[in-house]
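The values are calculated or read from the model by the stated rules, or taken from the named source; none is laboratory data. No experiment lies behind these values; they were computed from the predicted model shown. Note: ideal-geometry Cβ built from the backbone for every residue, glycine included; neighbour counts use all protein chains shown.
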Amino acid sequence: MNERIVVIGAGVMGSGIAQVLAVVGHAVSCVDVEPVALDRAREEIERGRFGLGSAVSRGLLSEGQAEDALARITLTGDLGAVATADLVIEAVPERLDLKVRLFRDLDRRAPEGAILASNSSGFPVAALAAATDRPGLVIGWHWASPAPVMKLAEIVRGPETDDATVQTVVRLAAAAGKHPVVVKDHPMAWGYVANRVYGAMIREANEVVRQGIATAEEIDRLMIDCFRWPTGPFGMAAGATGGWKSEGSR
């Protein structure tokens, strides 16, 4: 079943999420208040390293499938797009105050039965749900960058999230080719599961650099070669924040 999906935020994550969901048949509006962000998003979706053009050149999509997916994406600065949404996915900068204000606004704008999901890397779902009058319809859907490639679907269930909400998001994630894993919200610890473990790794990697044992580039190389990761800890941090411009970690 295809849904009407709105992604709030057209950055690296938001544009990638919009692309993934459009490829599998959903009508997606990607909303951002910055026109330059929308222009950049279109460029990444059409011609970026993990965009639709690249998928065609690698034989992952036909030209027709890529054209159809692009036609299903609307890039807009109008938050009114959420008025007809079945699902809204928030992918704005990682600031709790910004997300809480946005969820309060989304709660007023979105249809009564619409699910409000957050792509937060670790803020409590309970805090976002508390800003709404629909806590049963609030959930975390944590993606990894680059969204068109990474299989992560960390589905974060808040203390009041309904079973039906969880089932819907798990179904959508699986249909998009991801590997949904449902985890519990934990208001006393930032990072859910993936980033709690990643945070411990990057702290240790930074300590190795601080002690002069190895450079960031050397650590990335070792982790790629030892664990068959697609990138190392420093490359992951750079890619997630600045986009994936080249092979390897940087």
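Residue by residue, here is whether (1) among the hydroxyl-bearing types (Ser, Thr, Tyr); (2) closer than 28 Å to residue 45 by Cα; (3) in the same structural domain as residue 11 (by TED's automatic domain parsing) holds:
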position	(1), (2), (3)
151	no, yes, yes
174	no, yes, yes
177	no, yes, yes
201	no, no, no
204	no, no, no
213	no, no, no
223	no, no, no
229	no, yes, no
232	no, yes, no
Where in region 62-155 are the helices (runs of 4 or more DSSP H), entirely inside, with at least 1 residues that are under 21 Å from residue 176 (Cβ atoms) and either in contact with a helix residue (DSSP H, G or I) (Cβ under 6 Å, 6 or more places away or on another chain) or at pLDDT below 95 (or both)?
63-71
Would you confirm whether or not region 42-50 contains a residue that is touching a strand residue (DSSP E or B) at 6+ places or on another chain (Cβ under 9 Å) and modelled with pLDDT under 95?
no
Across region 35-90, the tally of residues that are exposed (fewer than 13 other Cβ atoms within 10 Å of the Cβ), within 24 Å of residue 173 (Cβ to Cβ) and of a type outside the set (Gly, Ala, Ser) stands at 1
